Structures are given as structure tokens and as C-alpha cells.
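Below is one structure, written out as C-alpha cells; comments come after it.
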Amino acid sequence: MSEEQAAGAAAAGAERRPFYDVLEKHNLAPLWESLHDLVTTAPVTAAVPFKWDYDVVRPHLLEAGRLITARQAERRVLILENPGLRGQARATNSLYAGIQLVLPGEIAPPHRHTQSALRFVLEGRDGYTVVEGERTPMQPGDLVTTPSWTWHEHGNETDGPMIWIDILDVPLVALLGSGFMESSELERHPVARPAGDSSARYAQNMLPVDWRPASRASPIFNYPYSRSREALATLARNGAPDPCQGYKLRYVNPATGGSPIPTIGTYLQLLPAGLRTAPCRSTDGTLYVVVEGEGESRVGDVGFRWKPRDIFAVPSWTWHVHEASGTAVLFSASDRPVQEALCLWREERAPAGRAA
Ligand code: 1HN
């Protein structure tokens, strides 16, 4: 812009200012001042790449365990707050995440809400969640789902702490204005079906013959780690890894072929020892949980070293690469199914040779 043009623009700006002040009083605003912030050439998010180190989180969680009971708290959870979205209970743009502790002998009482939730178990064996009257035991690496508006409670009858990450579609439901919640008057929800019932009905590559699903959420409440891990081990023996993802599987609702939770996609991937993935980015901001192995990721211009139970956020449309020192397994969750349903999801894979 020439000096003359700049002076002209400043004069025009000064002339428009009083007009903008009038507009504001009438709850109006000039689009031309914000058009290119509203509609950007590529995704812009305030979320930043960030890693929560489990060794940092765990002592604070145990301290919370000293200060408040699961019953008092209703849910004793430390929220994972993305530093770019502080105070908003968001780990990525659209996902809430937190680390929950249930101590021996405790119960987290029954409630239900329209927000869908998943738990991915980090520590402890044989704690349980009751979903719609069915008790589901929880083992490390298990994915346990509590679909929208299902009654759920947690308990721990073992002698060690149960710790897991909760991931919910809270920000999305808030945006849509569709949140409802109800606490049960009951201390515990009656167990109506034996453990393993939904797994027998829905998780054996078969479905009850006349069953018609009442919702798009999966009828399976537990996707055990042992089975997913075995599948990945077999894939890794049988063929070459994808350059961006290693060996990656998505969890699936057997009734629809879609994701177990309609609003949250869930994935498990194996990175063979020494693999450095090709740079990749996609529009679904993603939360990763390290299940096995150690390695390093580069996310945008930030580098993380990770080990089991660490959690890291990859914001939307941010180039990233992963490198595993030994065989590594990563669980991840994102809003990809929502974006796909709305024809919004995009991915880009870097041409060979591009550094992240
Ligand atoms: C919730 O119901 C649980 O049931 C955990 O364990 C975390 C965060 C926000 C809203 C509801 C649970 C939650 C939550």
C-alpha cells in the first residue's frame, strides 16, 4: 500500500468508527471488518499442541483423593485443560478430557447425561462401571463407553486405585445447546444383567436375530484391550505399515459400521520400533493416549517425548509425525465421525521428504 492509499484508508476508518458505534448499540456489526477472521483460508484454532505427563498428573490426582471422596465430588476428576483454551474444560476444540480416580471401596454414584463418554483405563484392574444395569469390569487399555442418556456409575472393590481418562463430547453438546443431566435418587443402580451379557449379544461378530438398534451408539460397552492388541500384532506381522499411521484400527459399532460413540471416533495404532511416520495433518483435533512403548512426536513446531500413560493433544490441521523407539501403541480420540457426517473432514499427507 502506498503512503497515499494508507492515509486514505485511515481517513475512511475514522469516518466509519461512529457508524460502528451506532451499529453496536443495535446489536449489529459490520461483516467486512471480521470476514477473514470468521472464514479463514485454513482451520485456525486456539488449541495448542500439548502433552500432559502422567508422572506430573498422578501425584495431584492422588492428592485430590486425600481431599475429597468420589461420592462428595460425584466424579473425582482433574480436567485436562488445553493451555490455549484455559478455563473452558477443553483438551481439543471439541473434546473434554479428564483423569478420574476411584479409590478402593469407593463408588461414583449413578447419573446420566446427553453428553456421550468414553473411559480408557490407565491404571488398576477389576474396577467397574455399571452401564444401564450391566456391570463392566475395567482392565488397563480397555475402552468403556457410556452412550448418551445411559445411567452409569463406577466402583472399585479392589485394593488399589483405579485411574482412567474420560473423554466426552461436552464442548460439542454445549455448542449445540443440547445438554441434559439427571442424578439418580438411588445410591446404586440395580444390576439388571450379568457381566458379559452385551459382549455375548453384540461383540462376537453376530447380532441377536430380530434385534433392531434403538440408537446409533454401540450396544457394546467394553472393547477389551487384549483383543484389539492381538489384532494389531497380527497386522504388524502380516504387512507393511501405513506411512502416516503405522498400523491403525478404528473401534466400531457392529450394528452400524460407524464409531461406537456417534460424536467421538476412537482408534488404536501400533507403531513398529524405529518407524518415523510421514508428516500428516487432518481437520479433527486429536487426543492421544500412550498405551505401550516410548517415543517422540513432533506436533507443529513442538516436540514431545512420551511414555506409557502420557497424553498429548494434536490440534486441527497441524502437521505431526510420530517416532517410536521400541514397539509403541497409541490410543486416540477425535470428532472425525462428526466431521465426516457433515462432509467437513479433510486430511493431507506430506509428499515424501517434507519435515513436520
Ligand atoms: C461424567 O459423567 C463422568 O460419569 C466423568 O465418570 C467426567 C465430565 C463432565 C461431565 C460428566 C463419569 C465427566 C462427566
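Below is a table of values for the structure above.
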{"quantity": "Residue that is nearest to ILE220 (Cα to Cα) [pool: residues in region 236-247 that are open to solvent by less than 70 Å² (accessible area, probe 1.4 Å) and outside any loop (DSSP other than H, G, I, E, B)]", "calculated": "TYR247"}
{"quantity": "Residue count for region 64-87, restricted to those that are within 15 Å of the ligand (Cβ to nearest atom), farther than 17 Å from THR45 by Cα, open to solvent by 50 Å² or more (accessible area, probe 1.4 Å) and not hydrophobic (A, V, I, L, M, F, W, C)", "calculated": "4"}
{"quantity": "Hey, LEU207 of a type outside the set (Asp, Glu) and at pLDDT below 95 or not", "calculated": "no"}
{"quantity": "Of residues in region 178-188 being open to solvent by 70 Å² or more (accessible area, probe 1.4 Å) and assigned to a loop (DSSP other than H, G, I, E, B), the one nearest to SER334 (Cα to Cα)", "calculated": "PHE180"}
{"quantity": "Qualifying residues in region 110-129 (those that are touching a Ser or Thr at 6+ places or on another chain (Cβ under 9 Å) and more than 11 Å from the ligand (Cβ to nearest atom)) - the one most open to solvent (accessible area, probe 1.4 Å)", "calculated": "ARG125"}
{"quantity": "Listing of strands (runs of 3 or more DSSP E) fully contained in region 260-356 that carry 1 or more residues being open to solvent by less than 30 Å² (accessible area, probe 1.4 Å) and aliphatic (A, V, I, L, M)", "calculated": "265-271, 286-292, 295-299, 311-314, 320-324, 328-334"}
{"quantity": "Residue in region 60-68 that is under 18 Å from GLY300 (Cβ atoms) and out of contact with any strand residue (DSSP E or B) (no Cβ under 7 Å at 6 or more places or on another chain) present", "calculated": "no"}
{"quantity": "Region 88-109, subset more than 15 Å from THR45 (Cα to Cα) and away from the ligand (no atom under 15 Å from the Cβ), residue farthest from the chain's Cα centre (by Cα)", "calculated": "GLY105"}
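The values are calculated or read from the model by the stated rules, or taken from the named source; none is laboratory data. Since the model is a prediction, treat every value here as computed from it, not as a measurement. Cβ sites come from the backbone with ideal geometry, for glycine too, and all protein chains shown count toward neighbours. Heads up: the accessible areas ignore ligands, DNA and RNA and are worked out on the full protein's heavy atoms, side chains in. Shrake-Rupley method; radii C 1.70, N 1.55, O 1.52, S 1.80 Å.
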